[in-house]
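The values are calculated or read from the model by the stated rules, or taken from the named source; none is laboratory data. None of these values were measured; they are calculated from a predicted model. Cβ placement follows ideal geometry from the backbone for every residue including glycine, while neighbour counts extend to all protein chains displayed. Ligands, DNA and RNA are stripped out before the accessible areas are found, and what is left, the full protein with its side chains, is counted by its heavy atoms. Shrake-Rupley method; radii C 1.70, N 1.55, O 1.52, S 1.80 Å.
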Amino acid sequence: MKLGIIGLPNVGKSTLFNAITQAGAEAANYPFATIKPNVGMVEVKDRRLDKLSVISQSKKIIYATIEFADIAGLVKGASKGEGLGNQFLSHIREVDALVHVVRCFDDENIIHVEGSVDPIRDIETINLELIFSDLEILEKRLERVNKQLKGDKSLQPEKELIEKMIATLEAEKPARSLDYSEEELKMLSSFSLLTMKPVIYAANVSEDDILTGNENVDRVCEFAAKDDDETIVISAAIEEEIAALDDDDKAEYLEAMGLEDSGLDRLVKASYSLLGLISFLTTGEVETRAWTIRKGAKAPEAAGKIHTDIERGFIKADTIAYDKLVEAGSIPHAREKGWIRSEGKDYVMVDGDVVNFKFNV
């Protein structure tokens, strides 16, 4: 999974990126401090692996990972090249989803490119640039399809799809707001449209507002709900402090702040939900590991995440729910209780399945 962190300059993007990846990207108080996207890998600290590793006496734990890209601040006119905008927009096309950081805090010491804090104006500024960029791509594509239609009538559905999307974008709505057939989604896979990417709005607040939010956060939530986008409340300043702590101190800090989990943990959960992803687990003496798959994947597809040979030679999947394995205390005990199931090719994987695949190549 690759997430792109976007937003206007000086909204807290790089501070948040530094905190969640501890990668040390420059976080300067002036526009365009980030020119090339900074990239950092983050482990998804799935605590189920910790318990499983104890049960199996594993030598190591391998968590799933998410790649974050901190993309330079976009400004009005980015789609036309303002602020090196075209270069930045090309970086966004490479990610699976967007984390749109929105400034919801007042601080006279931090410059705002528009001179005031207004999250909806800021969101609309960014969204319009993404829309303009997509419109340019679709209009060029429509021109090409119209020429080819004279000799290839099979392109008519694509023409109709493009025209429908152009009308939506011209109404200042993202392409993802439309309903698509499976056939249309196949056509869309080669378009690389920015406004098709799912969005999580990260409402960046001060430490004082992390529990209660504020009026700006409420406005962001209301705006996001119109397109079924996700919103999380996050404080880049708090995440920066958490990043410097070990696990025990982090837990104490979060408890003292009245928080159940960190902003990163909430962001990870929201990302998995938004992209329709789940994790299955494998465990043994060598390693305990989490594997990320799409929700609805069947057992052979999950096996293919480990190795294509396992998918190709799939026989069955010995499966047990994580909670049942913890209750049993060990795989042999779970087997004695009859809690380990043998599932075939049509089995749909469930989040937290602990699996041992049997295969023959």
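The amide H of Tyr201, built 1.01 Å from its N in the peptide plane, has His100, Glu230, Thr231, Ile232 as neighbours under 5 Å, considering only residues 5 or more places off or on other chains. Per residue, the accessible area of the chain comes to 50 Å² when a 1.4 Å probe rolls over the protein heavy atoms.
Cα centroids of segment 302-348 and segment 152-197: how far apart, whole angstrom? Comparing the Cα centres of segment 302-348 and segment 152-197, I get a distance of 40 Å. Compactness of the chain is given as radius of gyration and Dmax, 23.1, 69 Å, from Cα positions.
Only protein atoms count toward the accessible area here, which uses a 1.4 Å probe; on segment 296-359, the carbon and sulfur part of that area reaches 50 percent. With both labels modelled 7 Å from their Cα along Cα-to-Cβ, the Glu163 to Glu222 distance reads 3.8 nm. For segment 296-359, the tally of Lys pairs with Cα-Cα distances below 16 Å comes to 10, considering only residues 8 or more apart or on different chains. Charge dipole of the chain (Cα centre as origin; +1 on each Lys and Arg Cβ, -1 on each Asp and Glu Cβ, all else neutral): 2100 debye, rounded to the nearest 20.
Restricting the calculation to Cα atoms, segment 314-358 shows an Rg/Rh of 0.96 when the hydrodynamic-style radius is the Kirkwood one. Accessible area ranking (1.4 Å probe, heavy atoms, ligands and nucleic acids excluded), largest first, for Met165, Met1: Met1, Met165. Lysine pair count for segment 140-243 with Cα-Cα distance under 23 Å and sequence separation of 8 or more or different chains is 27. For Ile315, the residues whose amide H sits under 5 Å from its own are Lys358, Phe359, Asn360, ignoring neighbours fewer than 5 places away on the same chain, with H placed 1.01 Å from N. For Glu172, neighbours were defined as the other residues whose beta-carbon sits under 12 Å from its Cβ, and their charges (Lys and Arg +1, Asp and Glu -1) total -3. For segment 214-314, the list of trypsin sites (Lys or Arg not before Pro) that fall in a loop by DSSP and count at most 15 other C-beta atoms within 10 angstrom reads Lys226, Lys295. For the chain, the residue among Leu52, Ile320, Ala171 whose Cα projects farthest onto the positive side of the dipole built from Cβ charges is Ile320. Only helices enter the 222 nm calculation for the chain: every DSSP H run of n ≥ 4 contributes -39,500 (n - 2.57), and dividing by all residues gives -12500 deg cm²/dmol, rounded to 500. Taking all protein chains together and rolling a 1.4 Å probe, Asp70 ends up with roughly 0 Å² accessible. Mind checking which lysines have their C-alpha under 19 Å from Lys45, skipping anything on the same chain fewer than 8 residues away? Candidates past the 8-residue exclusion: Lys2, Lys59, Lys60, Lys250, Lys269. Using R0 = 22 Å, the C-beta based FRET efficiency linking Asp50 and Glu327 works out to 0.85.
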